[in-house]
Amino acid sequence: MIDLRLKVDPPPIEEPLVVRLLDRRAGERTAHDAILLDIDGEQREYEYHGFSLTVHARPPENLDGDVLLVLPGQASAHRLIRANSNHNTLLVTEQCDQLCVMCSQPPKKYHFDLFDQFGIAASLAPPNAMIGISGGEPLLHKARLFEMLAAVSTSRPDLRFHILTNAQHFAQNDIELLAELGWDRVLWGVPLYSAKPEVHDQIVGKSGAFANLEQGLLTLMQAGASVELRTVILQQNVDDLPELADFITTRLGFISVWAIMQLERIGYGRMNWPISFKDTSCDFAATARAIDIVTARGLDAWLYNFPLCSVPENYRRYAPSTISDWKRKYLDFCGSCTLRETCGGFFQWYDHKEGFSGLGPI
Ligand code: SF4
């Protein structure tokens with residue numbers, strides 16, 4: 001697994017430090033750049049404003065252009081941006097106002113405001129990067145989030161953002177700013193689990209969530225924002241999928257795409273796996289019907305986090321490789337599979353003993 005933390009020799013800092021690691025002195029530099037001086041085994045020494053910064057990484061790990069967040073007194077740095085990856089996500093808060101049965105990042109009580117540091121990190125990303133923003137619920141800190149997005153959008157108009165939100169916290173007076181951020185710069189990933197309010201509310205653990213969500217989606221629509229609706233398939237909602245497909249196409253036709261997702265076995269997803277995981281490799285009927293409904297009505301649908309051999313052949317074109325590189329794995333039998341290059345495989349924490357029953361090389 002790719003490491004999102006790197007060991008460092010704690011520098012003498014009192015404030016969080018955002019630093020970009022560069023292998024060369026040449027080219028454009030910013031005040032946040034540290035330049036590589038020496039490599040000694042797993043130890044790399046950088047020069048940063050006349051001081052030495054030591055980062056530990058195994059050769060041949062490429063750190064050129066990576067952006068680290070170093071916290072005072074801590075011996076490991078957060079690797080916020082990996083320059084060679086398309087899977088960079090800033091986890092801006094661990095607080096949340098929902099308690100979803102499949103949550104991969106169970107909420108925490110406390111919040112540390114690092115929006116200024118996240119903004120700097122984003123501004124140091126490679127050209128034209130797409131940066132994910134997630135939580136917790138990022139919009140619990142809406143003012144700070146919008147402030148950061150507005151600042152980065154001004155300094156780096158080439159960047160795009162994919163922001164996961166439960167859409168509980170949009171208000172009518174957000175429309176102007178949402179419109180200014182631009183439909184082509186921000187894609188809002190919004191979970192919707194059922195067209196039945198009571199089923200959605202039960203899955204997210206919050207009474208009234210569906211009603212709030214409808215208002216949030218209305219605000220996004222009025223702002224002309226781009227929206228990716230996201231539905232994790234669960235035992236709790238699988239039978240509702242065709243009805244949800246109908247609801248989306250008749251009521252939410254403005255969305256850009258509908259992502260139907262497989263469950264991630266981590267956090268509450270792991271705890272609730274026995275009562276939530278739906279083995280779509282042996283029963284794909286409701287999923288197929290839902291895809292047929294939305295695509296027949298001109299809306300794009302995608303299958304996220306599905307191993308290709310779990311999907312019937314005529315639906316595999318909807319299943320791109322979506323599991324981030326740092327949390328992806330393949331199983332032994334994948335070695336002889338002709339689809340290995342295009343298949344997204346499995347989450348690192350997937351357990352085949354409790355997983356899909358109908359898989360195998362193709
Ligand atoms: S055998 Fe492995 S590589 Fe092939 S489709 Fe299945 S999960 Fe993907």
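The set of residues in region 115-131 that are in contact with a strand residue (DSSP E or B) (Cβ under 6 Å, 6 or more places away or on another chain) and under 14 Å from L68 (Cα atoms) comprises Q117, F118, I120, A121, A122, L124, A125. From the list V257, V232, the lone residue that is free of Cβ contacts under 8 Å to residues at least 60 places away in the same chain and aliphatic (A, V, I, L, M) is V257. Looking for whichever is at pLDDT 95 or above and surrounded by fewer than 16 Cβ atoms within 10 Å (Cβ to Cβ) here; the options are D184, D174, D158. Which one fits? Of the residues listed, the single one that is at pLDDT 95 or above and surrounded by fewer than 16 Cβ atoms within 10 Å (Cβ to Cβ) is D158. Screening K327 on (1) over 26 Å from G132 (Cα atoms); (2) modelled with pLDDT under 95 shows it passes everything except condition (1).
Residue-by-condition table, conditions (1) under 20 Å from the mean Cα position of the chain (by Cα); (2) closer than 21 Å to C103 by Cβ; (3) assigned by TED's automatic domain parsing to the domain that holds G253:
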residue	(1), (2), (3)
A195	no, no, yes
V199	no, yes, yes
G205	no, yes, yes
E214	no, no, yes
A225	yes, no, yes
V232	yes, yes, yes
L241	no, yes, yes
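The strands (runs of 3 or more DSSP E) found wholly in region 1-93 include none carrying at least 2 residues that are of a type in the set (G, A, S), out of contact with any strand residue (DSSP E or B) (no Cβ under 9 Å at 6 or more places or on another chain) and within 22 Å of Q348 (Cα to Cα). Only one residue in S104, S76 is under 29 Å from the mean Cα position of the chain (by Cα), in the same structural domain as I233 (by TED's automatic domain parsing) and among the small types (G, A, S). Which one? Result of the check over S104, S76: S104. The set of residues from region 106-136 being surrounded by fewer than 19 Cβ atoms within 10 Å (Cβ to Cβ) and in a loop (DSSP other than H, G, I, E, B) comprises P106, K108, K109, Y110, H111, F112, D113, P126, P127, N128, A129.
With respect to being farther than 30 Å from S281 by Cβ and not in a helix (DSSP H, G or I), I175 falls outside the description.
Of all the listed residues (I248, I266, I255, I260), the sole one being farther than 18 Å from S357 by Cα and either surrounded by fewer than 20 Cβ atoms within 10 Å (Cβ to Cβ) or charged (D, E, K, R) (or both) is I266.
The values are calculated or read from the model by the stated rules, or taken from the named source; none is laboratory data. As the structure is a prediction and not an experimental result, all values here were calculated from the model. Neighbour counts run over all protein chains shown; Cβ positions are idealised from the backbone, glycine included.
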